[in-house]
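Before any comments, here is the structure.
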Amino acid sequence: MIAKKPATPHRRSRWLRIVFKILGGFVVVSLLMVVIYRFVPPPVTWTMIFDPHGITKDWMSLDEMDPDMARAAIAAEDSRFCSHHGFDAVAIAQAMRHNASGGRIRGGSTISQQTAKNVFLFQGGGFARKGLEAWFTLLIEAIWGKRRIMEVYLNVAETGIGTYGAQAGAIRYFRHGAQRLTRAEAARLAAVLPLPKKREAIDPHGFTRRYGNSISARIGIVQRDGLDSCLK
């Protein structure tokens, strides 16, 4: 049996150079994408591309959108959105304790993390995708800021089957634009965000109705306590 020759220092250094070039290229490309999307609406996401139901979307700036939509997202998805730097340690710890006790799995992702995943990555993927999600979360927090993160989130988040963004969702369910959302309508849209293919914002029943009513009540708390102050 012929023994394999040990890797020479020259060969190891060559592989290291290749690895560093790949990592360097990834860093440059990811930075470039984040900088571009700071000013330009993301044209499409991987989730949209692989959606067999097609894509219905209509970009709307945060200035045009009813402010209760952003407040509803904060109330439903990330109450500490304006105070954390992309990761909510409290929510992560609570999710870990809840999941360890059994029952339905609960996530601890912030709106920033969800935006990073929705815009730059794909659904699923385990720890590898989570690592990339963390990287892009750090980038958008540093380069975009909270207001742009919320604006992008409310335009790329899935709000129904083949429907993306608050504007398209508002038209789908309420037959008018997101600039005229009532508090109850904004809450119903936020209620479908975790499971947009299984929940309907119009005439919701059961859990979705109760959850929407709960979000509607919390919108007032978000406004009163200034939990949306980073968006002003």
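Kindly provide the set of residues from the range 16-59 that are open to solvent by 40 Å² or more (accessible area, probe 1.4 Å) and among the acidic types (Asp, Glu), ordered by number. Please lay out each step first, then the result.
Of the residues in the range 16-59, the ones open to solvent by 40 Å² or more (accessible area, probe 1.4 Å) are 16-23, 26-29, 31-33, 35-36, 38-41, 43-44, 46, 49-50, 52-53, 55-59.
Matches in the range 16-59: ASP58 only.
Could you tell me whether LEU62 is open to solvent by 80 Å² or more (accessible area, probe 1.4 Å) and among the hydrophobic types (A, V, I, L, M, F, W, C)? No; evaluated as a whole, the condition is false for this residue. The set of residues in the range 77-96 being of a type in the set (A, V, I, L, M, F, W, C) and more than 14 Å from the chain's Cα centre (by Cα) consists of CYS82, ALA89, VAL90, ALA91, ILE92, ALA93, ALA95, MET96. Filtered by the rule that a residue be in a helix (DSSP H, G or I) and hydrophobic (A, V, I, L, M, F, W, C), the range 204-232 gives PHE207, ILE215, ALA217, ILE219, ILE221, VAL222, CYS230, LEU231.
Show me the helices (runs of 4 or more DSSP H) found entirely inside the range 94-175 where at least 2 residues are at pLDDT 95 or above, more than 20 Å from SER61 (Cβ to Cβ) and open to solvent by less than 30 Å² (accessible area, probe 1.4 Å).
Working: elements: 111-120, 126-143, 146-156, 166-174.
Output list reads 111-120, 126-143.
When CYS82 is tested against (1) in contact with a Cys (Cβ under 7 Å, 6 or more places away or on another chain); (2) at positive phi, just one condition goes unmet, and that condition is (2).
The values are calculated or read from the model by the stated rules, or taken from the named source; none is laboratory data. Worth saying up front: this structure is predicted, and the values here are computed from it rather than measured. For neighbour counting, all protein chains shown are included, and Cβ atoms are generated from backbone atoms with ideal geometry for every residue, glycine included. Remember, those area values only see protein heavy atoms, side chains included, never the ligands or the DNA or RNA. Shrake-Rupley method; radii C 1.70, N 1.55, O 1.52, S 1.80 Å.
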